[in-house]
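Step one of this worksheet: look at the structure below.
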Amino acid sequence: MTIMRVKSAEQSIRDAEAPEFRLRRVLSAWDLLGIGIGAIIGTGIFVLTGVAAATDAGPGIAISFVLSGIACGLAALCYAEFASVVPVAGSAYTFSYASLGEFLAWIIGWDLVLEFIIGASTVSVGWSQYFVEALSAIGLGLPPTLTAAPGAGGVVNVPAAVIALLLTVVLVVGIRLSSAVTNVVVAIKLAVVLFFIIFGAFFIKAANWSPFIPPHQPPDPAAAGSALDEPLINAIFGATGSYGLSGLVAGAALVFFAYIGFDIVASGAEETRKPQRDMPIGILGSLAVCSVLYVLVSLVMTGIVKYTQLDTAAPMATAFQAIGAPWAVGLVSLGAIAGLTTVILILMLGQARVGFAMSRDGLLPVWFAKVHPKFRTPYRITLITGILVAIIASLTPIDLLAEMTNIGTLFAFVLVSAGVLVLRRTRPDLPRAFKVPWVPVLPILAVLSCLYLMLNLDGWTWIRFGIWMLIGLVVYFAYSSRHSRLAKAQSIEEAAGGL
């Protein structure tokens, strides 16, 4: 067998039913919707909307959200088909293993490990900042030495570590509790978002929407930096400047990251009661709800305040200040804290499930795949994930963490979309509860749109991505390729003996 060996969908499903590795199936379609919305609505809606409007698209940011939503929607259709065919933990990793082979599955799994851990750490630091501000507002300030990392004016970021560890306990206790917590917090932040839309609609000034698409502005030569600081597409086609039609596309590339999270729904396939029916509902439904909310928020925000004033860390708060409602800023902070809490929880959930699937397959030590005898959760990999997130978040400034962007997610989208085409050709006999329409057109469009958005990431991001992938290649050929269950023709029962 070669490194391109494929783990069949049937084998993946059989492995999921092995007693030593079986997870508890308790999630419904509503739970999956909550997980998806909880993962998507976070930093994007509270921060990126204003930044993209001010720097790239103006009020036309609403169109940028539509463009970005279309790209995500194409990938979401592919995820939904895979999740209905292979309802097993691991998301893009598992899907790639069943279609593109072990080596590419390892590549995407290795990439998702970094993305989820760094992403959860980044959001934990952001959560800490909002939490400290909320405490200060009621006169309960904490010493700076305990609320910031070295290099950011502090010694250790205690709130960031505490929230990561608390959510780790929630994840260990069980997916049912995790989804219950997520649903409650999602309800809070949805209420805040709807309040902003409804209350803010009364203060919209049509003049702020004119021009809806600001005229194109060429790049400023005096502001040019290193070529590695620029999007890779600029090196290929030249700098495009801001606003105009090119600004709409640049804005779409920026706000794309506000959509990331729906793919994590697929990680819960193995814990869903009726995955063939409920996974497409959770994936596509959460993306549709968040797309509508993003467009409405962007329209209200740019209608209240001139887009040039929205390049702030808290554009919703800026809008409320502009209409003389500072009391509503507290509501925004509450929504932000709630939003970031669920994002941390779900990113760690996704990482634990990907690590669990890779360990069960032998690509990582099988010891990590041990399931708790009472809670039926992969508690070892969950605890390790939580501890790593707590350490990184408590000791690393947010600007360094934020540099590790989401190129891996786009890469995952590309592989999953391509995998649909491969599996349709190699295994047309597999039952598919959900099918991507207009194959091969839609999967090809998904691949091309995601590749285009990848080109809008800066050179440093590509370099960091390349370094992490090189490390992954060393690990794969030094350990994983030899310990893979497929390489050793090892049964799931034999693998369980390593626990």
Item to complete: Out of Phe356, Phe368, report the one residue that is more than 13 Å from Ala120 (Cβ to Cβ) and open to solvent by less than 10 Å² (accessible area, probe 1.4 Å).
Response: Phe356
Worksheet item: Restricting to helices (runs of 4 or more DSSP H) lying wholly in the range 1-53: which have 2 or more residues that are among the aliphatic types (A, V, I, L, M) and in contact with a Phe, Trp or Tyr (Cβ under 9 Å, 6 or more places away or on another chain)?
Response: 29-40
Item to complete: Select the helices (runs of 4 or more DSSP H) contained entirely in the range 90-190, then report the ones holding at least 1 residues which are without any contact (Cβ under 8 Å) to a residue 40 or more places away in the chain.
Response: 102-137, 158-173
Worksheet item: Quick one: would you say Ala54 is open to solvent by less than 20 Å² (accessible area, probe 1.4 Å), more than 19 Å from the chain's Cα centre (by Cα) and farther than 20 Å from Ile283 by Cα?
Response: yes
Worksheet, complete the sentence: Subset of the range 134-155, residues among the β-branched types (Val, Ile, Thr) and surrounded by 15 or more Cβ atoms within 10 Å (Cβ to Cβ), comes to Thr147, Val155
Discussion item. Return the residues of the range 208-229 that are at pLDDT 70 or above and part of a loop (DSSP other than H, G, I, E, B); say none if nothing qualifies.
Written reply: Ser210, Pro211, Phe212, Ile213, Pro214, Pro215, His216, Pro218
Worksheet item: Is it the case that the range 288-296 has a residue that's buried (at least 20 other Cβ atoms within 10 Å of the Cβ), assigned to a helix (DSSP H, G or I) and over 24 Å from the mean Cα position of the chain (by Cα)?
Response: no
Practice prompt. Can you tell me which residue within the range 331-350, out of those that are of a type outside the set (A, V, I, L, M) and open to solvent by less than 10 Å² (accessible area, probe 1.4 Å), is farthest from Gly497 (Cα to Cα)?
Written response: Gly335
Item to complete: Go through (1) farther than 30 Å from Pro144 by Cα; (2) in a helix (DSSP H, G or I) and name the single condition Val371 misses.
Response: (2)
Worksheet item: Which of the residues spanning the range 430-448 are closer than 24 Å to Phe103 by Cα and modelled with pLDDT under 90?
Response: Leu430
Worksheet item: Of the residues that sit in the range 1-51 and are of a type in the set (Asp, Glu) and more than 13 Å from Ser286 (Cβ to Cβ), which one is surrounded by the most Cβ atoms within 10 Å (Cβ to Cβ)?
Response: Asp15
Fill in: Matching residues in the range 381-415 - criterion: being over 10 Å from Thr122 (Cα atoms), assigned to a helix (DSSP H, G or I) and either open to solvent by 40 Å² or more (accessible area, probe 1.4 Å) or modelled with pLDDT under 85 (or both)
Leu383, Ile384, Ile387, Leu388, Ile391, Leu395, Ile407, Gly408, Thr409, Leu410, Phe411, Ala412
Discussion item. Just to be sure I understand, how many residues within the range 320-345 are at pLDDT 85 or above and either over 21 Å from Val173 (Cα atoms) or touching a Gly at 6+ places or on another chain (Cβ under 8 Å) (or both)?
Written reply: 1
Practice prompt. Considering (1) more than 14 Å from Ile197 (Cα to Cα); (2) crowded, with 18+ Cβ neighbours inside 10 Å, say which one Ala328 fails and leave the rest.
Written response: (1)
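The values are calculated or read from the model by the stated rules, or taken from the named source; none is laboratory data. Keep in mind that this is a model prediction, so the values were computed, not measured. Note that we place each Cβ from the backbone using ideal geometry, even for glycine, and neighbour counts take in every protein chain shown. Remember, those area values only see protein heavy atoms, side chains included, never the ligands or the DNA or RNA. Shrake-Rupley method; radii C 1.70, N 1.55, O 1.52, S 1.80 Å.
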